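The values are calculated or read from the model by the stated rules, or taken from the named source; none is laboratory data. Everything numeric here is computed off the predicted structure, so don't read it as measured data. Note that we place each Cβ from the backbone using ideal geometry, even for glycine, and neighbour counts take in every protein chain shown. Accessible surface areas use protein heavy atoms only, side chains included; no ligands, DNA or RNA. Shrake-Rupley method; radii C 1.70, N 1.55, O 1.52, S 1.80 Å.
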Amino acid sequence: YLALDPRGQRLVVSFDDDSTSGDISLLAVYLVNNDALFRAGGDSSALMPLGYVRGPNWGKQHRLEQVVALEPKPDKSTKKKRVRVGTPTPSWFGFSPNFEPGALLTVVWANGKISLLPLLYATKLTRA
């Protein structure tokens, strides 16, 4: 899933359960370079990674791992996957429509907790 802040400056991406390379307990945060989106050629990237968001209390009691059997496939084979027991995973996330100093990310975690994360950045001022 993706969420873009109202000013188009920050993009948050979650990882799918079926992804073999991503950790579903993480949210990736990117800076969006709008100038690079509309420029042909050049060496600037449209997305620059800023970091990751983890759930509340991650790492304190979530050291246990468990092998879980996923749904059987039509050929009756069962895929197994190693997951962290009790790791908080995001259920929903989105941006507040009005937050002057930048972007306010709200994350609802599967364990019922809610995080409000201010992503502060300088906004471009327009001259009249």
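Just checking, does the stretch 76-90 include any residue being at pLDDT 85 or above and either acidic (Asp, Glu) or open to solvent by less than 60 Å² (accessible area, probe 1.4 Å) (or both)? Break it down stepwise before answering.
Here is the first cut: in the stretch 76-90, the residues at pLDDT 85 or above are 89-90.
Checking the rest, the ones that are also either acidic (Asp, Glu) or open to solvent by less than 60 Å² (accessible area, probe 1.4 Å) (or both) come to 89-90.
Yes, because at least one residue in the stretch 76-90 is at pLDDT 85 or above and either acidic (Asp, Glu) or open to solvent by less than 60 Å² (accessible area, probe 1.4 Å) (or both).
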Task: Residue match in the stretch 35-43 (condition: more than 14 Å from the chain's Cα centre (by Cα), modelled with pLDDT of 75 or more, surrounded by 11 or more Cβ atoms within 10 Å (Cβ to Cβ) and farther than 15 Å from Leu2 by Cα) - done: no
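Evaluate the following for Val67: is it open to solvent by 30 Å² or more (accessible area, probe 1.4 Å), part of a strand (DSSP E or B) and at pLDDT 75 or above? I'd like the intermediate steps shown before the answer.
Working: open to solvent by 30 Å² or more (accessible area, probe 1.4 Å): yes; part of a strand (DSSP E or B): yes; at pLDDT 75 or above: no.
Answer is no for this residue.
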